[in-house]
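The values are calculated or read from the model by the stated rules, or taken from the named source; none is laboratory data. Computed from a predicted structure; not experimentally measured. Here the Cβ positions follow ideal geometry from the backbone for every residue, glycine too, while neighbour counts run over all protein chains shown. Please note that ligands, DNA and RNA were not included when accessible areas were found on the heavy atoms of the full protein model with its side chains. Shrake-Rupley method; radii C 1.70, N 1.55, O 1.52, S 1.80 Å.
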Amino acid sequence: MIGSSRVSLAALGEDLKAKFGDPGLAAAGGELLEVADLLTREKPLRSSLSDGGQPKQERKGIVSQLLSGKVSPLTVEICETIVGLRWSSEADLVDAVEYAGAEALFGAAEGAGELDRVEDELFRFNQILAGNGDLQLALSSPGLPAATKDGILSDLLDDKVAKPTLVLLSYISGHLRGRRIEQTVGHFTELAAERRGKLLAVVRSARPLTQDQTDRLARALAGKYDRDIAINAEVDAALVGGVTIEIGDDVIDGSIASRLDQVRRRVTG
């Protein structure tokens, strides 16, 4: 997001923090994702609620009239907060409701002591996607009904993951909006890490890291970025040795495969 949307998203984040601990957060999270789905499908509604030229109270009134009695009061309150802010585009409005839904689910998971689990499950599922082209294609297909995708996810994950994990993955697979599924799951994984007050580092190595290596790497990265670091580790034998590290848009490639490739390019010109 850029411009007014970036400012509004920061304000929304602060507003949501005040609601963490509310017992209705888990239900609100799912309902907010349903509202995001509604906005995705209904362009006139989306246009009206993102129109900064329309008085704030009118936009809030539309939300109240549409949602009151159908979702929880907490969900209505959060949606009124969102439409009361300024968004640069209709897409940013949908992204904001989606973000609020995810944050509510993460807040509920944190209150239940399950946030670490949810973050790890999202990360592990993304690894499964990366290694299974058929699954990635099925869950990304715009022609496959949402109910079919839900059935696939239920068969794979039911009773194996926390409920917020399944709710988020089900929403993501049905609402990619032009995004790649692995990037979108990765985005939500980063949000979960941020909820824990940490930056997410995806570390790939040719062999599994020991706990001591993981701890030392986390300390070194924390010093570099001045933030606590959550490390999600993957094994990739193609690296030969060394590690690659991804933190947001930053990529640190210290793999032997990369060095060999650099040497090869210098030799061949």
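Of all the helices (runs of 4 or more DSSP H) wholly in the stretch 120-215, which have at least 3 residues that are at pLDDT 90 or above and small (Gly, Ala, Ser)? Step through it out loud before you land on a result.
Working: elements: 133-140, 146-157, 163-174, 181-195.
Per the criteria, 133-140, 146-157, 163-174.
Those residues that are touching a Leu at 6+ places or on another chain (Cβ under 8 Å), open to solvent by 20 Å² or more (accessible area, probe 1.4 Å) and not β-branched (Val, Ile, Thr), I need them from the stretch 143-155; list them, please.
Once the filter is applied, which keeps residues that are touching a Leu at 6+ places or on another chain (Cβ under 8 Å), open to solvent by 20 Å² or more (accessible area, probe 1.4 Å) and not β-branched (Val, Ile, Thr), the stretch 143-155 yields only SER154.
When ASN232 is tested against (1) surrounded by fewer than 17 Cβ atoms within 10 Å (Cβ to Cβ); (2) in contact (Cβ under 8 Å) with a residue 40 or more places away in the chain, exactly one condition is not met: (1).
The condition (being touching a residue at least 12 places away in the same chain (Cβ under 8 Å) and in contact with a helix residue (DSSP H, G or I) (Cβ under 8 Å, 6 or more places away or on another chain)) is satisfied by just one residue among ASP116, ASP51, ASP15: ASP15.
With respect to GLY223, determine if the residue is among the small types (Gly, Ala, Ser), within 18 Å of the chain's Cα centre (by Cα) and either buried (at least 16 other Cβ atoms within 10 Å of the Cβ) or more than 15 Å from ASP120 (Cα to Cα) (or both). Let's see the steps before the verdict.
Numbers: among the small types (Gly, Ala, Ser): yes; within 18 Å of the chain's Cα centre (by Cα): no; either buried (at least 16 other Cβ atoms within 10 Å of the Cβ) or more than 15 Å from ASP120 (Cα to Cα) (or both): yes.
Criteria not met by GLY223.
Does LEU39 fit the bill of being modelled with pLDDT of 95 or more, open to solvent by less than 20 Å² (accessible area, probe 1.4 Å), of a type outside the set (D, E, K, R) and over 26 Å from ARG196 (Cα atoms)?
On the way: modelled with pLDDT of 95 or more: yes; open to solvent by less than 20 Å² (accessible area, probe 1.4 Å): yes; of a type outside the set (D, E, K, R): yes; over 26 Å from ARG196 (Cα atoms): yes.
It is true that LEU39 is modelled with pLDDT of 95 or more, open to solvent by less than 20 Å² (accessible area, probe 1.4 Å), of a type outside the set (D, E, K, R) and over 26 Å from ARG196 (Cα atoms).
Take the residues in the stretch 183-198 that are more than 10 Å from the chain's Cα centre (by Cα) and surrounded by 18 or more Cβ atoms within 10 Å (Cβ to Cβ), then tell me which one is farthest from ALA91 (Cα to Cα). Among those that are more than 10 Å from the chain's Cα centre (by Cα) and surrounded by 18 or more Cβ atoms within 10 Å (Cβ to Cβ), it is LYS198.
Among what's in the stretch 247-260 and is open to solvent by less than 40 Å² (accessible area, probe 1.4 Å) and part of a helix (DSSP H, G or I), pick the residue that is modelled with the lowest pLDDT. Checking each candidate, the answer is ALA257.
Do you know which residues across the stretch 235-246 are buried (at least 18 other Cβ atoms within 10 Å of the Cβ) and either at pLDDT below 85 or part of a loop (DSSP other than H, G, I, E, B) (or both)? Listed by number, the residues that qualify are LEU239, VAL243.
Candidates ASP215, ASP228: the one that is acidic (Asp, Glu) and in contact with a helix residue (DSSP H, G or I) (Cβ under 9 Å, 6 or more places away or on another chain) is ASP228. Selection of the stretch 103-122 for residues being in contact with a Pro (Cβ under 9 Å, 6 or more places away or on another chain) and crowded, with 24+ Cβ neighbours inside 10 Å yields LEU105, PHE106, ALA108, ALA109, VAL118.
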